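Inspection log for the structure reproduced underneath, given as structure tokens.
Every read-out reported here was derived from the displayed coordinates using simple, explicitly stated rules and does not represent laboratory data. The model shown is predicted, which means the values in this text are computed figures rather than measured ones. Reconstructed Cβ throughout: ideal geometry from the backbone, glycine too, with neighbour counts over all protein chains shown.
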Amino acid sequence: MEYIFHITILISIYGILALAQNLVMGSAGLLTIAGAAFYGIGAYTAAILATAFGFNIFTTLIIAPIVAGLIALGIGISFARFRDDYFLLATLGFLMIFNTVVRNWENVTGGSFGIAGIPKPHIFSLTFDTPFSFLVLALIVLFIVIGICYFISRSSFGRVLNAIREDEDALKIFGYKTSTYKLMVFVIGAMLSSLGGVLLASYITFIDANLFTVNESILLWAMIILGGIAKNRGALLGALLLITIPEALRFFGFPNEIAGLMRQCIYGLLLVFLMLYRPKGILGQYKL
Amino acid sequence: MEKGLLLELKNVSAGYNETKIIHDISLAIDEGEIVALMGPNGAGKSTILKAIFGLITHIGDVLLEGEKIYPSPHELVKMGVAYVPQGRRVFNNLTVKENLELGGYSLKDNKECMRRAEHLFNLFPALHAKHDKLAGTLSGGQQQLLSTARGLMTEPKLLLLDEPTLGLSPKVVKEIFQTIKDINQNKKTAILVVEHNLHSLLPITNRAYVLVHGKIVATDTGSNIAKSDILERVFMGKI
């Protein structure tokens, strides 16, 4: 049973990350590979505040999105002049800088040794230290993120994001300052991603730079492409499938090391097959 | 009653990057007028509209109601100028109503936006019938109506229409020109229209400018242009 709770916690964390990625990339059409960086910013903010300053993880669930949001604001303003592929490359550069900084800034991030001993969340006398209790917390955060994403997708703000994805230049004709909308959704996406990072840090109690590489961002891309671009349900379905399918390999007798490597192969193969045969993904309406 | 001068271009030149497309263009549009820009492909008709609307940079003066302006789409929409681009550019995955509401961005007041959308649905019954359908499912003619209606959401003083009948059947072209005439008469909206369909357009225009290679080579009333041989000479490459 604990194994099922463990998998469900991972699905919840990746569900949050996929929803955030979908908001930026699916709804607004902003190609970004910085998802893992904001996920990492959330995780490192929680880890540093909790281990070095004794912050409660619940407090870091509020602080981490603010930190990620401010960094995203700075990055978003700096990258405002880039569009499409150029924006994608700029966000890749940001992810590489982030990863290099956390890997080498030993005094703060622990460098390549990472940060261990991250506490479990606790409130009053209640500590979320069992898989079930942590699952409840992860699901609560997931449902809050689902609520935010559904609210945005049904709002006039969400409609403008969809129009930006379709034809940004046509939208400018009506007086829209599209760069402001893109900046806003980039910041919101970063804030939501950081929540996933806080949960991960507290759940596995140890983080290092290897968790927040370009592979992780590609996994998020694969999730939303598989589930269906610009669909919140699609992002959740993508997270569910791409967490459970590799896990299923263990039941076919593959050793853990091989199963881990095959995970990357499965993500890669799925992306290739989707681009060839179902570019809209399972539930999607739009191509990437 | 004499009509006031609404828009004036004085010696405007513009183009893309280093290449100038229009050279020292001077033209004027009075309130409530329909003015046509005509000429062969590459004459610079659409470039004039883009320069007026601030989509490309220009040198020379653009004056709106006598005031020199430095056009940007954001500011011009607020000043009462709307631009309907070539190729319709509707948002295919949004409904007809959502497309219209996007056109009313500068209104800020949501109720006013709804009221104007309802008003436009009355003006364009074909759109009303499809208000909850995705714009991508509409025919070319309906998409053009939607694109034009979207430009009218702000009740502009001046509507810039770029090739509104491009790729449409003769029957739909007739409907589009009737719509342009109705908008002009009912709302007193001045319209600057770029169009290839000269025979349908000239009878409804107050004035027409004929362009060749980025320069104005003739200007007169629509009926006089239609009677003269200027268009024949221009399109046969004799000018």
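A few comments on the model shown:
- In terms of surrounding Cβ atoms within a 10 Å radius of their Cβ, A:Val272, A:Val160 rank from fewest to most as A:Val272, A:Val160.
- Counting all C-alpha pairs of the protein assembly as shown, share separated by more than 28 Å (%): 61
- Amide H within-cut-off set for A:Ile229, under 5 Å, with H built and near neighbours excluded: A:Gly284, A:Gln285, A:Tyr286
- For the protein assembly as shown, the Cβ-based charge dipole about the Cα centre amounts to some 760 debye (Lys, Arg positive; Asp, Glu negative; other atoms uncharged).
- Virtual paramagnetic centre 7 Å along Cα→Cβ of B:Glu155, amide N under 13 Å, in the stretch B:173-206: B:187-189
- Under the criterion of Cα pairs below 8 Å and six or more residues apart, the relative contact order for the stretch A:126-258 equals 14 percent.
- Karplus 3J(HN,Hα) series, Hz, for the stretch A:250-257 with 6.51 cos²θ - 1.76 cosθ + 1.60 (x for Gly, Pro): 4, 7, 9, x, 6, x, 4, 5
- Beta bridges assigned by DSSP with both partners in chain B are antiparallel in approximately 60 percent of cases.
- Remark: spin-label model distance A:Thr100-B:Glu65 equals 5.5 nm, labels positioned 7 Å along the Cα→Cβ axis.
- A:Ile140-A:Leu73 FRET efficiency (beta carbon distance; Förster radius 35 Å; 0.05 resolution): 0.85
- Computed on the stretch A:2-212, with alpha-carbon pairs under 8 angstrom and 6+ residues apart, the relative contact order is 45 percent.
- Checking every one of the GluC sites (Glu not before Pro) in the stretch B:51-146 against DSSP loop status and a limit of 15 other Cβ atoms within 10 Å picks out B:Glu65.
- Cut-off 15 Å (backbone N to label point 7 Å along Cα→Cβ of A:Leu126), residues of the stretch A:29-59: A:57-59
- Shielding of peptide A:165-171 by partners, expressed as the average count of other chain Cβ atoms within 10 Å per residue Cβ, is 5.
- Look at where the Cα atoms of the stretch B:46-81 and of the stretch A:126-148 average out, and the two centres are 54 Å apart.
- Listed pairs A:Lys231/B:Lys108; B:Lys50/B:Lys111; B:Lys78/B:Lys188; B:Lys20/B:Lys45; B:Lys10/B:Lys227; B:Lys50/B:Lys78 exceeding 21 Å between Cα atoms: A:Lys231/B:Lys108; B:Lys50/B:Lys111; B:Lys10/B:Lys227
- For the peptide A:113-119, the mean number of other protein chain Cβ atoms found within 10 angstrom of a residue's Cβ is 0.
- Potential lengthening between A:Phe206 and A:Val272 on full extension [0.36 nm per residue; Cα-Cα distance subtracted]: 20.5 nm
- Trypsin sites (Lys or Arg not before Pro) within the stretch B:1-58, DSSP loop, no more than 16 other Cβ atoms inside 10 Å: B:Lys3
- Cα gyration tensor shape of the stretch A:60-172, rounded if a/c is under 1.5, else prolate or oblate by comparing a/b with b/c: oblate
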